[in-house]
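Novice: Input: one structure, supplied below.
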Amino acid sequence: MIAIPLPFVVSLLLLMLAIVLWVKSDAATKPASLFTALCALTTAIVGLRWTLDIALFRMLQPVCAALVPMAAWHCFRRAHQPGRLARLHWLGPLVIAAGSLSYPYWHAPLDLMLTTLYIGYGIALLLASRSEAPQVRLSDMDWVRYAERIAGCMLLFSACIDGALTLDFALYEGRHAMYVLAVGYTLLLPTLALAVVMVAQSTLHVTEEAPQASAPDSAVEQSDNHAMSDEHAQAILTRLDTLMKEKQAFLDPDLTLDRLARKLTIPARQISMAVNQIHGRNISKILNEYRIEYAKQRLLHSDESITQVYLNSGFQTKSNFNREFSRVTGLTPSGFRQRETQ
């Protein structure tokens, strides 16, 4: 029976996922497809490096490994701020590529540089998860935050892999290095790829340059870097409530914080700050509460099925609708309809 090393199996699965994403996805998820392909290539090179021990693969392994955290950061950053990756981010991979190419003449501390790179981007992703992503559907914002945190933890986990390798070479002359790398990358790269895909599918593609939100009302004109007074926060929420009740903006399943900011002509960060300050909840929870109130009326005054109700209320998945309905009312949709119509 032919035995295929685990890294090659994982690489093949990642490659298949990348192809499916590229063929079936829109422009917003193309970067996720490319990132998944990079993970497939990196996993394959790890397998080839420790199976064949050819100099070319020894040189390519750190270069591909250096591209992974940078590419992951770019994919997640698009959910917060669309645009090209800053050139500064290429510095780390370029230095590691130079060190790998010149290794016979310059023994650069590649392991230390890679560890620093992964720790840096891991911490950056964890910090980014604390702020709300304006380009993500508000209904998916919590999932995106979890995905960012998982990705950040996975990059920090990579530093633990490097530490385990260092100990193995120090204590056992690297006898277990192949197994540590195989298991580590088998966990790291697929998890990173899935997190990136999740965020990409929740991020809307920006086709036009969003106008800068400006607040004509002085009650909402203030710097993001300063604390917001309760009066200013309440003024923002009043305008938000008016928009929701008069325009029913919550019915748009693709509503993002960025779109909401443009509708209100208020900076996205100020909207988020005001909601957190007054309600103690994030903007996605408040939006879902408007949707649930609308859904309650549909359940009581129409013959629509529960599936039709949640779709017409701005939700995209029944599981999210049921979870939010239970959070707001303490009942299931069917239980609420049955109780109120008796």
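Novice: Could you please find all residues in segment 29-86 being charged (D, E, K, R) and either over 19 Å from Leu165 (Cβ atoms) or under 14 Å from the mean Cα position of the chain (by Cα) (or both)?
Specialist: Kept after step one, since they are charged (D, E, K, R), are these residues of segment 29-86: 30, 49, 53, 58, 77-78, 84.
Selection gives Lys30, Arg77, Arg78, Arg84.
Novice: Let me ask something additional. So, in segment 75-88, exactly how many residues are in a helix (DSSP H, G or I), out of contact with any Pro (no Cβ under 7 Å at 6 or more places or on another chain) and surrounded by 17 or more Cβ atoms within 10 Å (Cβ to Cβ)? Before the answer, list the steps.
Specialist: As a first pass, look at segment 75-88 and keep what is in a helix (DSSP H, G or I): 75-80, 87-88.
The next check asks that each one be out of contact with any Pro (no Cβ under 7 Å at 6 or more places or on another chain); those that pass are 76-77, 79, 87-88.
Within this subset, residues satisfying the condition of being surrounded by 17 or more Cβ atoms within 10 Å (Cβ to Cβ) are 76-77, 79.
Number of matching residues: 3.
For (1) crowded, with 19+ Cβ neighbours inside 10 Å; (2) within 24 Å of Thr29 (Cβ to Cβ); (3) among the hydrophobic types (A, V, I, L, M, F, W, C), each residue gets a yes or a no:
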{"position": "Arg49", "(1), (2), (3)": "yes, no, no"}
{"position": "Asp53", "(1), (2), (3)": "no, no, no"}
{"position": "Val68", "(1), (2), (3)": "yes, yes, yes"}
{"position": "Trp73", "(1), (2), (3)": "yes, yes, yes"}
{"position": "Leu94", "(1), (2), (3)": "no, no, yes"}
{"position": "Leu114", "(1), (2), (3)": "yes, no, yes"}
{"position": "Ser131", "(1), (2), (3)": "no, yes, no"}
{"position": "Pro134", "(1), (2), (3)": "yes, yes, no"}
{"position": "Leu138", "(1), (2), (3)": "yes, yes, yes"}
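Novice: Condition first: in contact with a helix residue (DSSP H, G or I) (Cβ under 6 Å, 6 or more places away or on another chain), farther than 12 Å from Val197 by Cβ and either modelled with pLDDT of 90 or more or in a helix (DSSP H, G or I) (or both). Now tell me which residues in segment 1-21 satisfy that. Steps first, answer last, please.
Specialist: Of segment 1-21, the ones in contact with a helix residue (DSSP H, G or I) (Cβ under 6 Å, 6 or more places away or on another chain) are 5-8, 10-11, 14-15, 17-18, 21.
Those still in the list that are farther than 12 Å from Val197 by Cβ too: 5-8, 10-11, 15.
Answer for segment 1-21, where residues must be in contact with a helix residue (DSSP H, G or I) (Cβ under 6 Å, 6 or more places away or on another chain), farther than 12 Å from Val197 by Cβ and either modelled with pLDDT of 90 or more or in a helix (DSSP H, G or I) (or both): Leu6, Pro7, Phe8, Val10, Ser11, Leu15.
Novice: Test each condition in (1) over 19 Å from Pro134 (Cβ atoms); (2) crowded, with 17+ Cβ neighbours inside 10 Å for Gly335 and report the one that comes out false.
Specialist: Every listed condition holds for Gly335 apart from (2).
Novice: What is the number of the single condition among (1) among the aromatic types (Phe, Trp, Tyr); (2) in contact (Cβ under 8 Å) with a residue 40 or more places away in the chain; (3) farther than 30 Å from Gly174 by Cα that Trp22 does not meet?
Specialist: All conditions are met except number (2).
Novice: In addition: Quick one: is Leu156 modelled with pLDDT of 80 or more, within 27 Å of Ser272 (Cβ to Cβ) and touching a Gly at 6+ places or on another chain (Cβ under 8 Å)?
Specialist: On the way: modelled with pLDDT of 80 or more: yes; within 27 Å of Ser272 (Cβ to Cβ): yes; touching a Gly at 6+ places or on another chain (Cβ under 8 Å): yes.
For Leu156, the condition - modelled with pLDDT of 80 or more, within 27 Å of Ser272 (Cβ to Cβ) and touching a Gly at 6+ places or on another chain (Cβ under 8 Å) - is met.
The values are calculated or read from the model by the stated rules, or taken from the named source; none is laboratory data. This structure is a prediction, so every number in the text was calculated from the model and none was measured. We place every Cβ from the backbone using ideal geometry, glycine too, and count neighbours over all the protein chains shown.
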